[in-house]
Amino acid sequence: MTTRHFLTLLDLSPEELKRLIARATELKAIRNRGEIYEPLKNKVMSMIFEKSSTRTRVSFEAGMAQFGGHAMFLSPRDTQLGRGEPISDSARVISSMVDVVMIRTFSHELVTEFAANSHVPVINALTDEYHPCQLLADMQTFLEHRGDIEGKTVAWIGDGNNMCSSYINAARQFNFTLNVACPEGFEPDAELVAANADRVNVMRSCEDAVKGASLVVTDVWASMGQEEEQTIREKAFADYQVNPALMDKADKEAIFMHCLPAHRGEEISEDMLDDPRSVAFDEAENRLHAQKALLEFLLVTCKEEVAEA
């Protein structure tokens with residue numbers, strides 16, 4: 001049996017992604033009704049963190065507990081990953097003892113190499129290149145608030161970072177148009193843009209990007225590991241703030257998302273998260289539900305489909 005991994009949104013078909021998003025909303029309703037549903041009883045997840053996070057750890061750990069399983073937290077101090085032991089050896093050992101591995105790290109190549117040598121599913125919980133788990137939550141949130149995102153326009157405001165790259169993949173998988181507004185020198189990966197030229201537009205003007213947009217999204221100006229660039233980036237991104245006035249230029253039914261944590265007064269105005277168009281806190285909660293759907297898909301659905309084949 002071929003082990004399925006989730007390293008980018010492209011690892012699942014558009015149909016699988018749509019089913020997963022719908023399932024996330026079902027799982028959310030199950031939890032809100034107080035029903036016990038434990039499809040992963042006695043299953044163990046290894047959570048490898050080389051980058052810290054609030055939402056990622058809480059959502060995955062809570063999700064495994066609610067599913068009847070256990071999540072094992074491993075910090076850089078707790079493993080030999082990439083230090084005294086090759087990634088391939090670590091992958092073979094760790095995956096022989098657990099049922100699924102989640103990795104949050106810097107290098108996307110590390111996650112790719114780990115997955116290539118793992119006996120169990122590997123989930124990318126963020127690398128410097130992609131953040132696919134966040135996009136599952138974002139797509140679920142849009143569906144719950146505005147319906148199907150297919151055919152809509154999404155505006156990305158700010159750095160062409162890992163979140164932006166995942167939004168480019170999402171534009172392909174969920175069939176929407178993505179307008180990226182960023183300052184010169186901070187564009188998203190050129191090859192990724194070229195491969196999706198039919199649906200991705202890179203521009204300088206925030207106002208042009210949000211015109212007709214049903215969803216406006218942004219992220220911090222300096223991501224984790226770029227703190228030394230903060231001053232330079234503050235100057236470069238001074239005109240790339242999402243605020244109520246910019247939202248007024250989008251579609252009248254547009255909503256706003258941010259993966260959090262947010263730097264109020266920088267990429268967003270002080271009042272943007274409290275604007276009625278902001279669904280950022282619903283989006284944050286949906287990390288839990290979307291990732292539970294992902295875990296169920298990788299550990300239950302995929303095995304059932306293979307058994308039926």
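The values are calculated or read from the model by the stated rules, or taken from the named source; none is laboratory data. Just so we're clear, the structure is a prediction, and the values are computed from it rather than from any experiment. Glycine gets a Cβ as well: all are built from the backbone with ideal geometry, and neighbour counts include every protein chain shown.
Scanning region 162-198 for residues that are surrounded by 15 or more Cβ atoms within 10 Å (Cβ to Cβ), of a type in the set (A, V, I, L, M, F, W, C) and in a helix (DSSP H, G or I) yields a count of 8. Based on what the data block shows, is ASN179 at pLDDT 95 or above and more than 27 Å from GLU50 (Cα to Cα)? It is true that ASN179 is at pLDDT 95 or above and more than 27 Å from GLU50 (Cα to Cα).
Residues in region 282-309 that are crowded, with 21+ Cβ neighbours inside 10 Å and either under 16 Å from the mean Cα position of the chain (by Cα) or of a type in the set (Ser, Thr, Tyr) (or both): 12 in all. Applying the set (1) more than 19 Å from SER223 (Cβ to Cβ); (2) not assigned by TED's automatic domain parsing to the domain that holds ALA222; (3) not acidic (Asp, Glu) to ALA125 leaves exactly one unmet item: (1).
Cβ separations smaller than 6 Å between residues 6+ apart or across chains give the following pairs from region 45-61 residues that are under 14 Å from GLN291 (Cβ atoms) to residues that are assigned to a helix (DSSP H, G or I) and among the charged types (D, E, K, R): ARG55/ARG287; SER59/ARG287. Only a single item in (1) at positive phi; (2) touching a strand residue (DSSP E or B) at 6+ places or on another chain (Cβ under 7 Å); (3) not aromatic (Phe, Trp, Tyr) is not met by GLY147, and it is number (2). Does THR127 satisfy the criteria of being within 20 Å of the chain's Cα centre (by Cα), hydroxyl-bearing (Ser, Thr, Tyr), modelled with pLDDT of 95 or more and surrounded by fewer than 22 Cβ atoms within 10 Å (Cβ to Cβ)? Considered against the rule, which asks whether it is within 20 Å of the chain's Cα centre (by Cα), hydroxyl-bearing (Ser, Thr, Tyr), modelled with pLDDT of 95 or more and surrounded by fewer than 22 Cβ atoms within 10 Å (Cβ to Cβ), THR127 comes out as no. Looking at ILE30, ILE21, which one is without any contact (Cβ under 8 Å) to a residue 40 or more places away in the chain and among the aliphatic types (A, V, I, L, M)? The match here is ILE30. When the helices (runs of 4 or more DSSP H) confined to region 199-309 are screened for residues that are in the same structural domain as ARG19 (by TED's automatic domain parsing), those reaching at least 2 such residues are found at 280-296, 302-308.
Scanning region 69-92 for residues that are assigned to a helix (DSSP H, G or I) and in contact with a strand residue (DSSP E or B) (Cβ under 6 Å, 6 or more places away or on another chain) turns up at least one hit. Contact map, region 64-75: residues that are in the same structural domain as LEU298 (by TED's automatic domain parsing) paired with residues that are crowded, with 18+ Cβ neighbours inside 10 Å and among the basic types (Lys, Arg), Cβ distance under 8 Å, separation 6+ or inter-chain. Pairs shown: MET64/LYS43; GLN66/LYS292; PHE67/LYS43; PHE67/LYS292; GLY68/LYS43; GLY69/LYS43; HIS70/LYS43. Quick one: in region 44-68, which of the residues that are part of a helix (DSSP H, G or I) and aliphatic (A, V, I, L, M) is nearest to PHE281 (Cα to Cα)? Going through the qualifying residues, I end up with VAL58.
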